[in-house]
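Input: a single structure, listed below in structure tokens.
The values are calculated or read from the model by the stated rules, or taken from the named source; none is laboratory data. If you're wondering where the values come from, they're calculated on a predicted model, not measured in any experiment. Every residue, glycine as well, gets a Cβ built from its backbone with ideal geometry; the counts of neighbours run over all protein chains shown.
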């Protein structure tokens, strides 16, 4: 159960929101890159995205250090650790998408990639709503609504992944292109999954404290 004593000197909810803001930044940057794709500019965009990822890592490091000595955190330690890791993983996977696109030197964007990034941006927006409202877990209506949408977007991501890979084999493109695109689609699908993982942790927090 949640501990009612207020934590002094550190606001976990505020710090989760900061990381959620970074997730929004990362998803917006991914959307920007893919909708105005230029392989020659990808190195520069990766540097920009890596700064976001490093910022999230630093926030998590500070949180873990504080949690180590915090006598009465506002929710259970295991939940703080799990949610912190889940939020960090989301940004890692968004970065991985661009890393593999650069690694495989993808010269043109497939329409399916734009569909994936749309789901990622929508998931990021709903997760941001949930994280901002996390402190109100005793009145979880808004939290539940955001979580339901995140789960819906994850299911759409699974369907999109299946159709995207199937399309590659129907079209019988160059085998190397097929392998590289499947790998990238893997990371798009994992990215969609990562939002659901974070949403599941938030659902667990609600259940434990209701």
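Out of all the residues in segment 167-182, which are surrounded by fewer than 14 Cβ atoms within 10 Å (Cβ to Cβ) and either touching a residue at least 24 places away in the same chain (Cβ under 8 Å) or part of a helix (DSSP H, G or I) (or both)?
169, 170, 171, 175, 176, 179
Residue-by-condition table, conditions (1) modelled with pLDDT of 95 or more; (2) part of a loop (DSSP other than H, G, I, E, B); (3) under 20 Å from the mean Cα position of the chain (by Cα); (4) crowded, with 17+ Cβ neighbours inside 10 Å:
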| residue | (1), (2), (3), (4) |
| --- | --- |
| 9 | no, yes, no, no |
| 34 | yes, no, yes, yes |
| 67 | no, no, no, no |
| 84 | yes, no, yes, yes |
| 107 | no, yes, no, no |
Before we move on, is residue 164 surrounded by 17 or more Cβ atoms within 10 Å (Cβ to Cβ), at pLDDT 95 or above, out of contact with any strand residue (DSSP E or B) (no Cβ under 7 Å at 6 or more places or on another chain) and closer than 30 Å to residue 79 by Cα? no
Residue check for residue 112: surrounded by fewer than 20 Cβ atoms within 10 Å (Cβ to Cβ) and under 18 Å from residue 191 (Cβ atoms): yes
Just to check your reading of the model, which residue among 92, 43, 79 is in contact with a helix residue (DSSP H, G or I) (Cβ under 8 Å, 6 or more places away or on another chain), touching a residue at least 24 places away in the same chain (Cβ under 8 Å) and surrounded by fewer than 16 Cβ atoms within 10 Å (Cβ to Cβ)? 43
